[in-house]
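Reviewing the structure listed below.
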Amino acid sequence: MDKYNNASFPHVKGRLYWPKQILKSFVNLSFFLHFIRLFGYYTVNYVVGRSTAKVGKHTNIHPTVIIREGQNVEIGNHCYFNHNTILTGGHSDGKLIIGDYVQTGPNVGFFVANHHYLNPAIPIKKQGYDEADIIVGDDVWIGANSIITSGVRIGKGAVIGANSVVTKDIPPYSVAAGCPAKIIRKRE
């Protein structure tokens, strides 16, 4: 009988282990500090972003979506942005412009800025960046975990496959996939 007790299997925790750990975290001051930081992050990246972005009618933006530099984000009508999508406008004048009836899978990122990196004598963070508009046409579907980089235009009715990195323009009614995304067929 003793060979099957918890001492023989250190990875097996007692029945009350997790409830005790959860209770400890609520009593701990670091829980409240973490909660305050998380609330601040949510406020800046969702509430403020959503209030400064131009969002069309009947557009559904999941509460976990991050909207950065919302003053440079324009979203059309009847769109749907799945959880953990990142909508980033430029710090200065780079725009993210999204048409009507656009939908994303989860974890899609739109990034209007691109860092400079060519001078190895200067840290990349200090080399600055360029901004170029991202324009997404109407009725576009962007699959889960895809990245849309600065300066890209995605034409009306295009489909971007899951896990794609779009670095070049995608023509209307095209289906593109891959890293980097390439056109694999047309929607007829």
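The values are calculated or read from the model by the stated rules, or taken from the named source; none is laboratory data. Quick caveat: nothing in here was measured; it's all calculated off a predicted structure. Virtual Cβ from ideal backbone geometry, glycine too; neighbours counted across all protein chains shown. Side chains are part of the model used for accessible areas, which takes the heavy atoms of the whole protein and leaves out ligands, DNA and RNA. Shrake-Rupley method; radii C 1.70, N 1.55, O 1.52, S 1.80 Å.
Counting only DSSP beta bridges with both residues in the chain, the antiparallel share comes to about 20 percent. Cross-link reach is defined here as a Cα-Cα straight distance under 30 Å, omitting same-chain residues fewer than 8 places apart; for Lys186 the lysines meeting it are Lys57, Lys95, Lys156, Lys168.
Listed by chain and number, the aspartates and glutamates whose alpha-carbon sits under 12 Å from that of Lys54, ignoring those within fewer than 8 places in the same chain, are Glu69, Glu74. Can you classify region 48-188 as rounded, prolate or oblate using the Cα gyration tensor, where a ≥ b ≥ c are the square roots of its eigenvalues, rounded means a/c under 1.5, and otherwise it's prolate if a/b beats b/c and oblate if not? Cα axes put region 48-188 in the oblate bin. The Rg/Rh ratio for region 134-188, using Cα coordinates for both the radius of gyration and the Kirkwood hydrodynamic radius, is 0.90.
When the chain is treated as a GNM with alpha-carbon contacts under 10 Å, the residue of Pro120, Pro171, Pro63 showing the greatest mean-square fluctuation is Pro120. Tell me, which longest segment in the chain has none of the trypsin sites (Lys or Arg not before Pro) that fall in DSSP loops with at most 12 further Cβ atoms within 10 Å? The longest uninterrupted stretch comes out as 58-186. Treating the Cα atoms of region 35-122 as identical point scatterers in vacuum, please give the log10 of the normalised Debye intensity I(q)/I(0) at q = 0.26 Å⁻¹, two decimals. Rounded to two decimals, the profile gives -1.33.
Probing with 1.4 Å while keeping every protein chain in the model, the per residue accessible area of region 1-135 equals 69 Å².
Taken over region 84-160, the alpha-carbon convex hull comes to 91 cubic angstrom per residue. Please report the carbon-and-sulfur percent of the accessible area for region 90-184; probe 1.4 Å, protein heavy atoms only, DNA, RNA and ligands left out. Answer for region 90-184: carbon and sulfur cover 58 percent of the accessible area.
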